[in-house]
Amino acid sequence: MNSNTISQENDLIAALATPLGSSALAVIRTSGPGCVATVAALTDRPESLARCPGGRIRRAQLRDPQSGRLLDDLMLGIFRAPRSYTGEEAVELFCHGSVPGVQEILALLFRSGFRRAEPGEFTLRAFLAGKVDLTRAEAVQEIVSSRTARGHGLALGRLGGSVEAEVNRFKDRLVGVMAGIALQLDYPEEETGQIPLDREEVARLREGLLQLAASYSAGKLYQEGVTIALAGKTNAGKSSLFNALLKEDRAIVSDIPGTTRDYIESSLDLGGIPLRIFDTAGLRETREILEGEGIRRTGQLLESADLVLYLVDGTRGVTGEETERLARAATGEGPPCVPVWNKADDGACLPAPEGFFPVSARTLQGIEALLEEVRRQVTPEGRYREGSPVIDSLRQRDLLERAAQALFEVERGIQEEMPVDVLSLDVQEAIHALGEITGEVTSADILDAVFQQFCVGK
Ligand SMILES: Nc1nc2c(ncn2[C@@H]2O[C@H](COP(=O)(O)OP(=O)(O)OP(=O)(O)O)[C@@H](O)[C@H]2O)c(=O)[nH]1
Ligand SMILES: [Mg+2]
């Protein structure tokens, strides 16, 4: 985003808010003072639309004023300041979802005084107009990019202000602390020898801040999900397990070793966690160039996965080389690895060794327990409590940690009986960091960083 969007010029902006493609409807969003009259002038009923009150929907024909050509028969959502998403006068055009049609309408708007909105510019304007704080603005993009119902629900909570409220609670308590300090500074003669700050109270606040900061790993998990690779020797049943997990006949399964060459990817919702699952080429010595390339790529994938399910054919058992591989994984080299003992249904299947999860990709026995283990492994441990707000912004996490660090300094200062005016600097620093989270304290750089992650039209 260029810096002039931050300059609060409030010129007329327009953008397609829906994906460009054939669809029943497409929504073009516009905003800025004079927006209604500017759009109205392009229709068959300029006067009545220009006078139309906000919160109404009107039908109109959109025409190119130069050629008189009809561009669409559409519905217009009219909004008057401040009762709109951006807080400005705004019009939403509900047009037919035709790619050339939408492009022509946008081109007409851009010829008629609108400019193309930058990514996130509508939400930026909403923030600048005081409609949302920065955590809610960030939640807008988090909602759009969520991939499971759980991730979506958490982001909706943030849009509802769950994080804003929590941060403001912390801030109010710190402002209370500051007031105590100010009193002490103003009336030093009243000094009773007691320090006005309760170290335990500060410690509790710091703990709370760290708890919210730690929820980032859960937020990230539900938003971005994890990558899981199925690995093992040829014929171990990786593709069979892949299909079983997806409940569809996706990957080719055969008893010919080396069936899978290129890895295949698919996604799965595991209790709200978006999983990206990869079926990979079976590992074995090969002189075949294509298979060798597949195995090389599998190796790369196994390095970058968040978790590897290592499959062993239970009717064959573990080879020496596999024992080594699993031992390496157990020492924490590379991603964590869950050893799986497949083909448990087969009469010839040997008993699963200690630490292996016995499953059958054929009868699905043991799959639930395996998924439970996957869930256990990818869910971050720590201070996150079920039901408490979850953040999904690295920016917010860093600021919470900065505030916590400042409070740590306060605790130390209290212990060392530092003068209150020195302590107050650290309390101020914590308040400032919390203000940056909600956007009370902000700068063009921060806004740039936040809004450039948005998609256009948001
Ligand atoms: N009895 C039994 N057979 C299985 C099971 N899983 C896979 N198989 C059989 O094992 C053979 C190999 O299965 P695949 O899923 O293709 O194995 P893979 O690990 O993907 O093999 P490559 O792609 O060659 O590396 C097939 O004949 C499957 O039918 C299982 O749980 N039980
Ligand atoms: Mg396979």
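Listing for the model above:
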read-out: In region 399-458, residue surrounded by the most Cβ atoms within 10 Å (Cβ to Cβ) [restricted to those that are β-branched (Val, Ile, Thr) and either out of contact with any Leu (no Cβ under 8 Å at 6 or more places or on another chain) or closer than 15 Å to Asp133 by Cβ (or both)]; value: Ile437
read-out: Evaluation of Asp269 against (1) away from ligand 2 (no atom under 14 Å from the Cβ); (2) open to solvent by less than 50 Å² (accessible area, probe 1.4 Å); (3) under 30 Å from Ala155 (Cα atoms) (one fails), failing number; value: (2)
read-out: Candidates Ile277, Ile295 - the one that is more than 8 Å from ligand 1 (Cβ to nearest atom) and open to solvent by 20 Å² or more (accessible area, probe 1.4 Å); value: Ile295
read-out: The one condition in (1) free of Cβ contacts under 8 Å to residues at least 60 places away in the same chain; (2) acidic (Asp, Glu); (3) in a strand (DSSP E or B) that Asp269 fails to fulfil; value: (1)
read-out: Candidates Glu104, Glu118 - the one that is open to solvent by 20 Å² or more (accessible area, probe 1.4 Å), part of a helix (DSSP H, G or I) and in contact (Cβ under 8 Å) with a residue 24 or more places away in the chain; value: Glu104
read-out: Residues (under 30 Å from Val441 (Cβ atoms) and open to solvent by 70 Å² or more (accessible area, probe 1.4 Å)) located in region 358-396; value: Arg383, Arg385, Gly387, Leu394
read-out: Output for region 407-437, where each listed residue is in a loop (DSSP other than H, G, I, E, B) and either modelled with pLDDT of 90 or more or small (Gly, Ala, Ser) (or both); value: Glu416
read-out: Top-ranked residue in region 121-144 [being among the basic types (Lys, Arg) and assigned to a helix (DSSP H, G or I); ranked as most open to solvent (accessible area, probe 1.4 Å)]; value: Arg136
read-out: Residue within region 303-311 that is under 13 Å from Thr227 (Cα atoms) and either without any contact (Cβ under 8 Å) to a residue 40 or more places away in the chain or assigned to a helix (DSSP H, G or I) (or both) present; value: yes
read-out: Scope region 272-302; condition in a strand (DSSP E or B) and modelled with pLDDT under 90; matching residues; value: Leu283
read-out: Wholly within region 11-67, strands (runs of 3 or more DSSP E) carrying at least 2 residues that are open to solvent by 50 Å² or more (accessible area, probe 1.4 Å); value: 23-31, 56-63
read-out: In region 207-231, the residues that are in a strand (DSSP E or B) and more than 9 Å from ligand 2 (Cβ to nearest atom); value: Val226, Thr227, Ile228, Ala229, Ala231
read-out: Qualifying residue in region 325-348 (condition: away from ligand 2 (no atom under 16 Å from the Cβ), out of contact with any Ser or Thr (no Cβ under 8 Å at 6 or more places or on another chain) and farther than 30 Å from Leu246 by Cα); value: yes
read-out: Among (1) in contact with a Leu (Cβ under 6 Å, 6 or more places away or on another chain); (2) open to solvent by less than 20 Å² (accessible area, probe 1.4 Å) - the single one Gln223 does not satisfy; value: (1)
read-out: Filter pass, Asp249 being out of contact with any His (no Cβ under 9 Å at 6 or more places or on another chain), within 14 Å of ligand 2 (Cβ to nearest atom) and farther than 23 Å from Gly320 by Cα; value: yes
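This table checks each residue for (1) in the same structural domain as Ala348 (by the TED database); (2) within 14 Å of ligand 1 (Cβ to nearest atom).
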{"site": "Ala213", "(1), (2)": "no, no"}
{"site": "Ala229", "(1), (2)": "yes, yes"}
{"site": "Lys233", "(1), (2)": "yes, yes"}
{"site": "Ala236", "(1), (2)": "yes, yes"}
{"site": "Ser240", "(1), (2)": "yes, yes"}
{"site": "Lys247", "(1), (2)": "yes, no"}
{"site": "Asp255", "(1), (2)": "yes, yes"}
{"site": "Gly272", "(1), (2)": "yes, no"}
{"site": "Glu285", "(1), (2)": "yes, yes"}
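The values are calculated or read from the model by the stated rules, or taken from the named source; none is laboratory data. Small disclaimer: the values here were computed from a predicted structure and weren't measured. So basically every Cβ, Gly included, is an ideal-geometry build from the backbone, and we count neighbours across all protein chains shown. SASA here: full protein model, heavy atoms, side chains in, ligands and nucleic acids out. Shrake-Rupley method; radii C 1.70, N 1.55, O 1.52, S 1.80 Å.
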